[in-house]
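To start, the structure under review is shown below, and the notes come after it.
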Amino acid sequence: MKISMPKKPIFILAVLFLSMAVSCTKEDNTEFTDAAIIEAYLNDGHYFSLSVSRQIPFSDNVTYSSDDINNLSIAINYNGSTHTLTPLGNGQYSDSTIVINQGNVYNLSFTFNNQNVTATTSIPAKPINFQQSVTGITVPPQVESHSGPTGTLPDPVELSWNNPDGSNYFVVIQNMETNPVPITTGATGQSDKTFRTPPTNLTVTEIRPLDFQYYGMHRLILYHVLPDYAALYATGNNSSQNLANPSTAITNGYGIFTGLNSDTLFIDVIHP
Amino acid sequence: MLFSFISNAALAQSDSIQKPFNHKLSGIIKDKGTGEALPFAIIQLKGTTTGVTSNVDGYFSLTNIPADTSTIVVSYPGYSATEIQLKPGQATTDFKIEMLPAAKQLKEVTVSAEREDVMLVDRSNVSMIKMTPKKLEQLPNIGEKDILRAFQLMPGISSSNESSSGLYVRGGTPDQNLVLYDGFTVYHVDHLYGFYSAFNSNALKDVQLYKGGFESKFGGRLSSVTEITGKDGNQNKFNVGADVSLLSFNVFAEVPIGDKFSSIVAFRRSYRGLLYNQIFGMFNATGGTAKAEGGRATTSTTVASFFYDVNGKFTYRPTKKDIISLSIYNGTDKLDNSSAATEQPISGSSSTFSNSSTDLTNYGNIGSSLKWSRRWNDKLYSNTIASYSNYYSDRNNSQTKSITDSLGATNTSSQGIFETNNLQDYSLKSDYQYDLKNNVQLQFGGFGTYYDIQYTYAQNDTVTILNKNNQAYLTGAYLQSKIDLLHNKIHFLPGIRASYFTTTNKMYYEPRASVAYNINDKITLKAATGLYYQFANRVTREDILAGSRDFWLLSGTNDVPVSSAMHYILGAAYENDNYLFSVEGYYKTLSNLTEYSLRFNPQQGSDVSYSENFFTGKGFSRGIEFLVQRKVGKIKGWVSYTLGQAQNLFPVYSTGYFPAAQDVTHEFKTVLLYKYKKWNFSATWVYATGRPYTAPSGAYNVTLLDGSQQSFYTVTAKNGQRLPAYHRADIAVNYSIFAGKKNRREIGYIGVSVFNVYNRTNVWYKQYSITNGQILQTNVNYLGITPNLTLSFKLR
């Protein structure tokens, strides 16, 4: 059966559709949004201060907003009054007239990259009944790469507090000496003078003797923190499975804006 | 059986001894060679809009025939359209129509119009495409002729997902497409990363795809239905055949015993032969060239693995009225997507990274159905199916990274994912069709399914993040009616489906309707609407760095609600002897969609409960599809264009709608088929807008209260990025081999096919890993130019 081949309609349609398809593939470049990074710890009894920075883009081809992070107009609102923070340069801002108070709610707002950045937080209660099992601990000197610890180790230091509502606490341990003597000799690197215990919602934590790296007087700071801060540690090992935005208190920005409260005790780590 | 082929319809008109014959003709449509019943064939009165389709077992019943000398036309893809002139005094029940496969069509047999469609768009049915594997080898392939791949050449079905045989129909996801194989639901249709479908075309007889607005008979899915009917096996003679391609070998045998029993068993397995490796390696450098773009180092991963599947179907016809068949399917994949890379980023420190990843997945399906069909009388037909379906998936992905810093110190870290998903579906259903009047057919039935779905997901060592184990019953019934009005000008199909789901303890009612109005025998207007519920969903687990994955979960809990959709479809078609022009617009709203993401922290409580990380949203998709098909002649084929949009709204990601992962704006496809003597040539070209994705965009540090610094990463707007446009051309040539002198028949073919002829690099997805604030980006690409050779032989 012979049939003529009217290919033209198909051909014309093909050309038409093709030109439509090719001409309509423009996309907005939304690869990187210049967003503000806020770091503010609102510690009961301290002056208000915060820092603002930019995120580091993964791509070279990005456009930054013209906003100067050293000269933003940042407003803090609490108890019905609004204050504008004083820029100190290098992204630092403060207001020495604002003393953080337990129970207050603090709201932050400013404009960055044409977006209204806001954040809000409250200040948790001061820890109650913070106690330690001992005020001094004697730790025998250790040698690096020895199998097992040298000498007899004392019991761990037990720290306790009241926590009727199961909120979040953790302890930061700081060596206060200017030139502290290390407990372990023969180590290659230098150990940190500060370490912490994992965040907990229990009423007790403990410090094992070899958690201490140096002899001398140590400060034990018990922080009462909000869930968004505890979440920073929960996502601490940022794995390849997720890219968590740690703070849920900030909109149109990233970082941490969180209230906290603390109490401090001291412990002496003694060379035998 | 008495019937005749006639080439000249005018003869029918000139016949002077017409008698009134205003009642019906019923019977069966079969393949003349194999005796296979042909399901869903279209039987029409010539020159009118009066027509019916045969049922799943090939039976039909055509009413309102005006004269006993009328001519009826039977069409079925892959077969020559057959015209039959009725003769006075002929039997009007048990009328047997035997059709000839198109390839066997010879000059001495007088057959009507020379139509042998690869694909058939049914003008009178809303959003329906029909295909048989008969002519499938004419289309280009990547090693296996594949029925679901072929559907991707039609408008409204996304063709840019080489990695998914599961169909993205009209902005829907593959899990929203119900796949029925001989009556049992298949939950995962992908072989080899989705490059091949789970269905061996040697074992298939017929596939119907409803792109939307589907009838009440089908349920449990939001978007579309793919109804696959397996072959019963040659009923007349023993047959055996084999295909060998550069990808796989494929064998089948058909064994009839007596005239009551027929069977078919088909097996195929992929292999990586020498030639395959050589060709593959030539065009796909593994690991290879690292292209650094400002701190990003790029490497590529090439995929490797194997699969096998086996299909069996055993059919027994104890009486003229009963058919009992057992269908069994098992398919398994073992996938290895491991890669290794060592890169030195441009910006930043002089650290070097080496990264090796293990990615092993085993998955597969086991399914079986036992079907009993009975033709109670000329008016009542029933189908009762007991079925079992199991989908299982086991994934182990662990990564080992080592970083050598500028001081030469090496730091090695390992992470992993352990993911298992096991779905079991036990179903019993019974479907009935009853011819109430000449122009009214009632269809009704009941169904019951017991679901048992388990999913566990562990991250890093052995910390289980998610462990779901749910069981539920879904039971219900449906009633629908096919009504022909205004002298068969209007086909109206209203229906309702009611389901009771034990997880929610609720009834769900789904009213649906479709209508087709044949203005004349060339122009049809169509419309459809309906409400659809889905009780088992494949949830997307968002993973920006390693590529998102899916898993099946039972819906109905607070985390994963029962999802629903509304369809609105309008269309028009013009069809003459040579061309089909079709346009259809659709709008679909989706509610209670679920996605799982670990990107967001719970707001309350210090214990991170990952089960809170299910997020619910809604969405819509809309679009318009154009199709022009040339049906006859030496050059045939079609051109299609789809303008579409699929958007989701999940409040957790953004306040406004964002493009869904399957959103494709423009999709253009063309298929050309040319026949010259024993040679069949074909060429296809597809173009599609790149799909959206989310990428890491930057990093920042937070100084913690203990003085340490913690790095965090930001991402782009949800699906705010687009992959480059996808386009590809494929070509194929087949040489048919005939045997026999008097009774010539095609016994095989030699086919050469080239996939992605101009070696376009199409990106599948991007993988990232972040180490020391540096990002390592890996483009996982689709196949480059891939030639294939197929040898196919069969006894008959």
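The values are calculated or read from the model by the stated rules, or taken from the named source; none is laboratory data. The structure displayed is predicted, hence computed values, not measured ones. Neighbour counts are summed over all protein chains in view; Cβ atoms, including those assigned to glycine, are modelled from backbone coordinates with ideal geometry.
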Residue pairs qualifying under the 7 Å Cβ cut-off, at least six apart or on distinct chains, with the first in segment A:193-204 being more than 7 Å from every other protein chain (Cβ to nearest Cβ) and on the phi < 0 side of the Ramachandran plot and the second being surrounded by 16 or more Cβ atoms within 10 Å (Cβ to Cβ) and among the β-branched types (Val, Ile, Thr), are A:THR197/A:VAL171; A:THR197/A:THR205; A:THR197/A:ILE207
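Is it true that A:ASN162 is over 27 Å from A:TYR229 (Cβ atoms) and either free of Cβ contacts under 8 Å to residues at least 40 places away in the same chain or more than 11 Å from every other protein chain (Cβ to nearest Cβ) (or both)?
Values: over 27 Å from A:TYR229 (Cβ atoms): no; either free of Cβ contacts under 8 Å to residues at least 40 places away in the same chain or more than 11 Å from every other protein chain (Cβ to nearest Cβ) (or both): yes.
When the stated conditions are applied, A:ASN162 does not pass them.
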Would you confirm whether any residue within segment B:304-314 is of a type in the set (S, T, N, Q), farther than 30 Å from B:ASN365 by Cβ, assigned to a strand (DSSP E or B) and at pLDDT below 90? no
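Examine segment B:710-724 for a residue that is within 11 Å of chain A (Cβ to nearest Cβ), free of Cβ contacts under 8 Å to residues at least 40 places away in the same chain, touching a Ser or Thr at 6+ places or on another chain (Cβ under 6 Å) and not aliphatic (A, V, I, L, M), and state whether such a residue exists. Give the steps one after another, and end with the answer.
Pass one, segment B:710-724, residues within 11 Å of chain A (Cβ to nearest Cβ): B:710-724.
Retained after the next criterion (residues that are free of Cβ contacts under 8 Å to residues at least 40 places away in the same chain): B:710, B:712, B:714, B:716, B:721-722, B:724.
Keeping just the survivors that are touching a Ser or Thr at 6+ places or on another chain (Cβ under 6 Å) gives B:714, B:716.
Add one more test, that the residue is not aliphatic (A, V, I, L, M), and what stays is B:714, B:716.
The answer is yes, given that some residue of segment B:710-724 is within 11 Å of chain A (Cβ to nearest Cβ), free of Cβ contacts under 8 Å to residues at least 40 places away in the same chain, touching a Ser or Thr at 6+ places or on another chain (Cβ under 6 Å) and not aliphatic (A, V, I, L, M).
A quick yes/no check of all residues on (1) among the hydrophobic types (A, V, I, L, M, F, W, C); (2) at pLDDT below 90; (3) under 26 Å from the mean Cα position of the chain (by Cα):
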residue: A:THR185; (1), (2), (3): no, yes, no
residue: A:GLN190; (1), (2), (3): no, yes, yes
residue: A:LYS193; (1), (2), (3): no, yes, yes
residue: A:THR200; (1), (2), (3): no, yes, yes
residue: A:THR205; (1), (2), (3): no, no, yes
residue: A:TYR223; (1), (2), (3): no, no, yes
residue: A:TYR229; (1), (2), (3): no, yes, yes
**Request:** Evaluate the following for B:ALA513: is it more than 27 Å from the chain's Cα centre (by Cα), among the small types (Gly, Ala, Ser) and farther than 23 Å from B:LEU428 by Cβ?
**Result:** no
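Just for segment B:682-694: of the residues that are outside any strand (DSSP E or B) and either at pLDDT below 85 or β-branched (Val, Ile, Thr) (or both), which one is farthest from A:LEU42 (Cα to Cα)? Break it down stepwise before answering.
Step one: of segment B:682-694, the residues outside any strand (DSSP E or B) are B:689-691, B:694.
Those still in the list that are either at pLDDT below 85 or β-branched (Val, Ile, Thr) (or both) too: B:689, B:694.
On the way: B:THR689: 48, B:THR694: 34 Å.
In this case the residue turns out to be B:THR689.
Table: residues versus (1) outside any strand (DSSP E or B); (2) polar (S, T, N, Q).
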{"residue": "A:VAL52", "(1), (2)": "no, no"}
{"residue": "A:SER65", "(1), (2)": "yes, yes"}
{"residue": "A:PRO87", "(1), (2)": "no, no"}
{"residue": "A:THR97", "(1), (2)": "no, yes"}
{"residue": "A:THR121", "(1), (2)": "no, yes"}
{"residue": "A:ALA125", "(1), (2)": "yes, no"}
Of (1) of a type in the set (A, V, I, L, M, F, W, C); (2) surrounded by fewer than 24 Cβ atoms within 10 Å (Cβ to Cβ); (3) more than 30 Å from B:THR786 (Cβ to Cβ), B:LEU222 satisfies every one except (2)
A:ILE173: passes all of (1) out of contact with any His (no Cβ under 6 Å at 6 or more places or on another chain); (2) within 14 Å of chain B (Cβ to nearest Cβ); (3) crowded, with 18+ Cβ neighbours inside 10 Å but (1)
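Based on what the data block shows, is A:ILE137 β-branched (Val, Ile, Thr), part of a loop (DSSP other than H, G, I, E, B), more than 14 Å from every other protein chain (Cβ to nearest Cβ) and in contact (Cβ under 8 Å) with a residue 12 or more places away in the chain? Lay out the reasoning, then the answer.
Working: β-branched (Val, Ile, Thr): yes; part of a loop (DSSP other than H, G, I, E, B): no; more than 14 Å from every other protein chain (Cβ to nearest Cβ): yes; in contact (Cβ under 8 Å) with a residue 12 or more places away in the chain: yes.
No: the conditions fail for A:ILE137.
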Within segment B:669-697, the residues that are farther than 17 Å from B:TRP638 by Cα, charged (D, E, K, R) and surrounded by fewer than 20 Cβ atoms within 10 Å (Cβ to Cβ) are B:LYS677, B:LYS678
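For B:ALA646, are the conditions met, namely being at pLDDT 90 or above, crowded, with 20+ Cβ neighbours inside 10 Å and not in a strand (DSSP E or B)?
On the way: at pLDDT 90 or above: yes; crowded, with 20+ Cβ neighbours inside 10 Å: yes; not in a strand (DSSP E or B): no.
No: the conditions fail for B:ALA646.
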Of the residues in segment A:140-159, those that are closer than 16 Å to A:HIS271 by Cβ and touching a residue at least 24 places away in the same chain (Cβ under 8 Å) come to A:PRO140, A:PRO141, A:GLN142, A:VAL143, A:PRO149, A:GLY151, A:LEU153, A:PRO154
message = B:VAL515 - would you say it is hydrophobic (A, V, I, L, M, F, W, C) and in contact with a His (Cβ under 9 Å, 6 or more places away or on another chain)?
response = yes
Given the conditions (1) assigned to a loop (DSSP other than H, G, I, E, B); (2) at pLDDT below 80, every one holds for B:LYS134 apart from (1)
Within segment A:182-215, residues aliphatic (A, V, I, L, M) and closer than 19 Å to A:VAL134 by Cβ come out as A:ILE183, A:VAL204, A:ILE207, A:LEU210
Only one of (1) surrounded by 14 or more Cβ atoms within 10 Å (Cβ to Cβ); (2) modelled with pLDDT of 90 or more; (3) polar (S, T, N, Q) does not apply to A:SER65, and that is (2)
With the first residue restricted to segment B:229-240 and required to be more than 10 Å from B:ILE264 (Cβ to Cβ), and the second required to be of a type in the set (A, V, I, L, M) and at pLDDT 90 or above, Cβ contacts under 7 Å at 6 or more apart or on different chains are B:PHE238/B:VAL255; B:VAL240/B:ALA253
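Being at pLDDT 90 or above and closer than 22 Å to B:TYR187 by Cα: is that true of B:TYR392 here?
Yes.
For every residue, the table says whether it meets (1) assigned to a loop (DSSP other than H, G, I, E, B); (2) at the interface with chain A (Cβ under 9 Å from one of its Cβ atoms); (3) basic (Lys, Arg).
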position	(1), (2), (3)
B:GLU667	no, yes, no
B:GLY698	no, yes, no
B:ARG728	no, no, yes
B:VAL733	no, no, no
B:ILE747	no, no, no
B:ILE750	no, no, no
B:VAL754	no, no, no
B:VAL757	yes, no, no
B:THR761	yes, no, no
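Pick from segment B:544-577 the residues that are of a type outside the set (A, V, I, L, M) and under 18 Å from B:GLY156 (Cα atoms): which of them is nearest to the chain's Cα centre (by Cα)? Full working, then the answer.
So the first thing to find is which residues in segment B:544-577 are of a type outside the set (A, V, I, L, M), and the list is B:547-552, B:555-559, B:561, B:563-564, B:567-568, B:571, B:574-577.
Filter again for under 18 Å from B:GLY156 (Cα atoms), leaving B:567-568, B:571.
Numbers: B:HIS567: 19, B:TYR568: 21, B:GLY571: 22 Å.
Here the residue is B:HIS567.
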